[in-house]
1. If I take R0 = 41 Å and measure r between the Cβ atoms of B:Asp206 and B:Ile76 in this structure, what FRET efficiency does the formula 1/(1 + (r/R0)^6) give, to the nearest 0.05?
2. Highest GNM mean-square fluctuation, chain B, Cα pairs closer than 10 Å: which of B:Leu200, B:Leu185, B:Leu246?
3. Under 10 Å from the Cβ of B:Arg97, count the other residues' Cβ atoms, weight Lys and Arg +1, Asp and Glu -1, and hand me the total.
4. Figure the gain on full extension for B:Arg228 and B:Thr3 (residue separation times 0.36 nm, minus the Cα-Cα span) and round it to one decimal in nm.
5. Modelled label-to-label distance, B:Val216 and A:Gln184, 7 Å Cα→beta-carbon offset: nm?
6. How high is the relative contact order of chain B? Use alpha-carbon pairs under 8 Å, at least six apart in sequence, and give a whole percent.
7. Using a 7 Å offset from the Cα along the Cα-to-Cβ direction at both A:Arg163 and B:Thr236, what is the distance between the two label points in nm, to one decimal?
8. Quick one: if the Förster radius is 30 Å, what FRET efficiency do A:Met151 and B:Gln54 give, using the C-beta to C-beta distance and rounding to 0.05?
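We did not get these values from a lab; they are worked out from the coordinates using the rules stated. Fair warning: this is a prediction, and the values are worked out from it, not measured in the lab. Please note: Cβ atoms are built from the backbone with ideal geometry, for glycine as well, and neighbour counts cover all protein chains shown.
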Amino acid sequence: MNKARFLVVFFFGMLMVLVVLPEFMHQDPLMVNLKQKLQPPSVDHLLGTDGLGRDLMSRLVYGGRNTVGTSLVILILSLGVGIPVGIFAGYAGGVIDRIFMRVSDSFLAFPDYITAIVLTGLLGPGVINLMIAIVAVKWIAYARLVRASLMAEKDKDYIHSARLSGVPSVHLVVKHLMPAALSQLIVVATLDIGKIILMIAALSYIGLGLQPPTPEWGAMLNEGRAYFHNAPLAMVIPGVAIMVFVLLSNLMGDELQDGLQRGQKGEQNHDHS
Amino acid sequence: MMTKLGRRLFEFILFIFLLSLISFCGIKLAPGDAVRQLLRVDDVAVTNEQLEIQRELMGLDKPVMIQYVDWLSRFIRLDFGNSYMTHQPVTQEILTRMPATFLLTCTSIFVLMGVALPLGMYSALHPQQWIDRVSRVLAIMGASVPSFWLGLLLIEGFSVRWPLFPSMGTGTFWHLVLPSLTLGLTMAAVYVRLIRSSLLQSLTQDFVLGARSRGVSRARIFFFHVCRHSLTPIITMFGISVGSLLGGSVVVETIFAYPGLGKFVIEAIHNRDYPVIQGYIVFMGAIIMLIHMLTDVMVGYINPEIRLREGRP
């Protein structure tokens, strides 16, 4: 459990760095200075400059705000859409549930990347459309997870007795049914932070996401590509940054999952004894 | 078995129908005027008269319902119209690029299996030894690396600094090396762990003990009994990831300027070439659905438990 706690603290620490650091930086990530292009690291430019003479360090930090920030917004939106739909489908059951399952089946048949690329393609490149496209891909998993957990839980005795004693439906869902789904939701959401970051970066790399000159890690890799030979840092650093965040999200998710399984096993053993 | 196949076929037709509806609505909802888009591609000034004529020609002046029926009837004949970019029929354009993408997918699967099978098997047979630990680290790293970044690093390493392989285009076998490594290696990460855990789980089954007590050799048990038992989750996962491979190929084809379907659709998106995007959605949907069906049939064939359970009334 200590390892999980450490990872979570570390992750939030990195987030804080992205939030706080720009306040202390004096370089403008958008300022072009062709005289200063492709500079090696120096006191003025801690990581050197890119092909247009923009300060890499500040682009990296502001880019992180954009990449990671956008991924968190997308995650929250996906949860915001997925959870209510899942509750509704699971609680209503019957025809509504069957329609939901059919629709989500056909959505899930398509690989994430193809759906997201085609959707941004149809809507046009840009941040808002990118967010719509990824939310459209991601909400389904949450809705299905909540629905499955609700289905498993709603016929248990304690729910029946709560209902018999006159507990209103809303209260039942919020106080009893949702907590059962919560732990699993947290695990999936943690793993998804990384997946969403990868997706934003890939789409921005091919020019469908955040538009230049806005700093974004995937787009920065695209810009740095031409100068790999003269300024390798411009290609290496954003990639490493993406990897670190995705790695953190994967490790955190794995660790939480393990903890969850251990917890469930412990509960079962307890039941048997 | 037959009724199951029939049901799958019905589902398939329903899915394709739904797909046609979705791709039709998608185009209708997309911003921008398709007529303007078509005429703008040639980069000449457009008069209102031309717009009207083209609109009538494309049947865009009719009510939406009629337009959909028109689109559906052409859809059944696999006619998606002409590409705005090349002025060639979309179906033909897609079919000429299909083999290249298919080839890349196959070589990537080859890389994927070449890495994941030995590592996964060895890790399962010798858990907690150093290869297992290394493969665990590699797996989690591999799942975190952006595939396009890996592709760029491979180009820099093996094409620019150390010119072993060509970095873009197609033609020879060597052109396939770097793209398939990029796609295969990032996907292999997940498989190493999946194969390991699946094999480990099979190794603890009762039938292993049974076979050992009958004096069957360890190697035979592993390769014939355990491996077969482990195949079910691996094949299921495989069916899902062929789709992801096709999705990943979009990015990888763009990096390596590989003239496949993925690169074509990105070009189409940048040029707002709607007929091509429509055609792409339908083709991909059909292929992915077919692969899912194939996976189901194979799993049923390999795992008698599932076959028998579903055979019963």
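1. Numbers: r = 52 Å, r/R0 = 1.28.
With R0 = 41 Å, the Cβ-Cβ based efficiency is 0.20.
2. Looking only at B:Leu200, B:Leu185, B:Leu246, the largest GNM fluctuation is found for B:Leu200.
3. Details: positive: B:Lys263; negative: B:Glu93, B:Glu253.
Taking every Cβ under 10 Å from that of B:Arg97, the sum is -1.
4. Numbers: separation 225, 0.36 × 225 = 81.00 nm, distance 2.67 nm.
Stretched out fully, the B:Arg228 to B:Thr3 stretch lengthens by 78.3 nm.
5. If labels sit at B:Val216 and A:Gln184, their model points lie 3.5 nm apart.
6. Details: 299 pairs, mean separation 76.6, N = 313.
Here the relative contact order equals 24 percent.
7. The answer from the label model is 3.0 nm.
8. My answer for the efficiency is 0.05.
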